[in-house]
Amino acid sequence: MNRNQVKTASHRLNIRFGDNIELLGFDLATAETQLRPGARMTVTMVYRRTGAQPPDLKRFVQLVGAGNEMAAQDDSIPQRGANPTWSWTPDEIILDEVTLKVSDHAVPGVYRLLIGFYGGDGVRAGSDRRWQPPAS
């Protein structure tokens, strides 16, 4: 992937996870205008390795309701296990696509999308900030 593809991400970001990983942006794709129980959504994240070699981390993507109820979740080594973080080269751009299925028990409401990393000990890699969508 090249840097020009980052410009096409619907949601451009610069959120760092520790000193090693930067989330440059993400895209969302759904077949429906509103998510419903059982619906699927695709999240495509764009990362860049920064700094020293990252440790072996798993990526998580969660769709979480106002009461912190989990509506969908995917935890994996990036690119469905094919591209572990420890193998990333300096300034490498990584495209990571995940399809989430909304729980059959999800209720109508406002949901947050959480994206992050954690190590084998379960401790999350800290991020330097949270993204808020622009006011409409």
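The criterion of at least 2 residues that are modelled with pLDDT of 95 or more and either touching a Leu at 6+ places or on another chain (Cβ under 8 Å) or basic (Lys, Arg) (or both) is met, among strands (runs of 3 or more DSSP E) falling completely within segment 44-136, by 70-76, 93-101.
The number of residues in segment 15-43 being closer than 22 Å to residue 55 by Cα and not β-branched (Val, Ile, Thr) comes to 9. Contact map, segment 21-32: first residue among the acidic types (Asp, Glu), second residue surrounded by 15 or more Cβ atoms within 10 Å (Cβ to Cβ) and assigned to a strand (DSSP E or B), Cβ cut-off under 6 Å, separation 6 or more or different chains; pairs are 22/16; 22/48; 27/44.
The values are calculated or read from the model by the stated rules, or taken from the named source; none is laboratory data. None of these values were measured; they are calculated from a predicted model. Reconstructed Cβ throughout: ideal geometry from the backbone, glycine too, with neighbour counts over all protein chains shown.
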